[in-house]
1. Just to check your reading of the model, which residue among 59, 52 is farther than 30 Å from residue 132 by Cα, surrounded by fewer than 10 Cβ atoms within 10 Å (Cβ to Cβ) and free of Cβ contacts under 8 Å to residues at least 60 places away in the same chain?
2. Right, residue 65: exposed (fewer than 12 other Cβ atoms within 10 Å of the Cβ) and either farther than 30 Å from residue 124 by Cβ or in contact with a helix residue (DSSP H, G or I) (Cβ under 8 Å, 6 or more places away or on another chain) (or both) or not?
3. Would you mind stating whether residue 28 is farther than 24 Å from residue 69 by Cβ, modelled with pLDDT of 95 or more and part of a helix (DSSP H, G or I)?
């Protein structure tokens, strides 16, 4: 039995070390790619500003670029707000469903307790297990 445990732990440790090495490698490559992406982004911003400066002049070009980025930021804030409100609605619905299940379970338990007091302990344990399984790990 001890050799089986040693074999399984060796397999698990090998798999974990492979996963950790792959994750480190991917993180390094993503960081390098991110640096190059940001560099390209800065060059595109400068090129866009120069092109606008040729067409409209330096001050209007910088104002146009600033306005575009403010508009993008406002749009992102609106999207974030909509996502937050949708998440609040989903959390409220989960709470409502959980409360409904709790009310049904309590009503059932009280009914059984009145009719058959000896079965009440078993029902209470089953209700507790049901609520523990169905609620999961949502922290709302």
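The values are calculated or read from the model by the stated rules, or taken from the named source; none is laboratory data. Keep in mind that this is a model prediction, so the values were computed, not measured. Glycine gets a Cβ as well: all are built from the backbone with ideal geometry, and neighbour counts include every protein chain shown.
1. Every option except 59 fails the conditions.
2. It is false that residue 65 is exposed (fewer than 12 other Cβ atoms within 10 Å of the Cβ) and either farther than 30 Å from residue 124 by Cβ or in contact with a helix residue (DSSP H, G or I) (Cβ under 8 Å, 6 or more places away or on another chain) (or both).
3. yes
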